[in-house]
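Every number in this text was worked out from the coordinates using simple rules, so none of it is lab data. All values reported here derive from a predicted model rather than from experimental measurement. Please note: Cβ atoms are built from the backbone with ideal geometry, for glycine as well, and neighbour counts cover all protein chains shown.
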């Protein structure tokens, strides 16, 4: 490694639906985290790896931090955020341009408590009208905390991300890469298949149904050029099972096809997905089931 090589973890935090996952994908240049218009799409901390000459930045995408913890799933998601901050060298706090809310102040309290350098990324600046309205917002942000920098960005359009990356790199400690130079994420193919199916469920279904769903891969077989996966979609109530399946199985077929096509695009392999729908009542408030689905326990 060249002298002065930098490596470190950047925890990307913010309230739900400010564009954290879109930002991670744009920074890494690959789809690492699933993205939907729905808040709380991200449930786990996911590392996206960006390797450049002289630096390896490990972006940790996190669930939206929220004050209302209605069940054990919400508490597990908040623990994922806290854990990411504890292990990070830098916090990248993401807010939405022109819209500072009480939830942003709640997140800021947790970020400052971590006692690490903080860069504020003001996202979705492309949506601000008129553009002059951005200046007083940025001025107000400066007064909220001693940020290392405030960077207006558009994750969706990849605007100003080079500057953001350069500023983050300067704050990382010197050290060798922690991941292989061709790595893009710490997550397994199994995890990413389950997440892709869940993304397509979130997009296909309306109202509260998607939030009561979890996806588990029961079996995964990789053959030359082909991946075979057996997935079960867990619903938390009987009434949701029929909605997920759809009339004549139309919805589950649509979801499976959409997931398969995007997975093939990402991995460059053929995929065959077998999907089943089962019911596990109130799984989001069951500690043992949450561990089964890959969430860390509170102990």
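Restricting attention to the chain, close to 40% of DSSP beta bridges with both partner residues there are antiparallel. Model label points for residue 71 and residue 250, set 7 angstrom from Cα along the Cα-to-Cβ axis, are 2.8 nm apart. Mean sequence separation of contacting Cα pairs (under 8 Å, at least six apart), scaled by the length of the chain, corresponds to a relative contact order of 18 percent.
Rounded if a/c is under 1.5, else prolate if a/b beats b/c, else oblate: with a ≥ b ≥ c from the C-alpha gyration tensor eigenvalues square-rooted, which is the chain? Prolate shape, in that a/c is at least 1.5 and a/b is the bigger ratio. Rounded to the nearest 0.05, the FRET efficiency derived from the C-beta distance between residue 222 and residue 139 at R0 = 45 Å is 0.25. Between rounded, prolate and oblate, where does the range 6-170 land on the alpha carbon gyration tensor, with a ≥ b ≥ c its root eigenvalues, rounded for a/c under 1.5, else prolate if a/b exceeds b/c? Cα axes put the range 6-170 in the rounded bin.
When you restrict to C-alpha pairs under 8 Å that are six or more residues apart and normalise by the size of the range 6-170, the relative contact order lands at 24 percent. With an a/c value of 1.5 or above and a/b not larger than b/c for the gyration tensor axes a ≥ b ≥ c computed over the alpha-carbon atoms, the range 217-299 is described as oblate. Based on C-alpha pairs under 8 angstrom that are at least 6 apart in sequence, the range 102-161 has a relative contact order of 40 percent. Among 269, 218, 161, the order by Cβ neighbours within 10 angstrom, fewest to most, reads 218, 269, 161.
For the chain, the longest principal axis of the C-alpha atoms and the axis of helix 250-267 are separated by about 50°. Centre-to-centre, using Cα atoms only, the range 245-284 and the range 18-37 are separated by 21 Å. With both labels modelled 7 Å from their Cα along Cα-to-Cβ, the residue 237 to residue 148 distance reads 4.6 nm.
Rounded to the nearest 500, the helix-only mean residue ellipticity at 222 nm of the chain stands at -10500 deg cm²/dmol, with each DSSP H run of n ≥ 4 adding -39,500 (n - 2.57). Tell me, what is the FRET efficiency for residue 106 and residue 129 to the nearest 0.05, using R0 = 30 angstrom and their Cβ-Cβ distance as r? It comes to 0.65.
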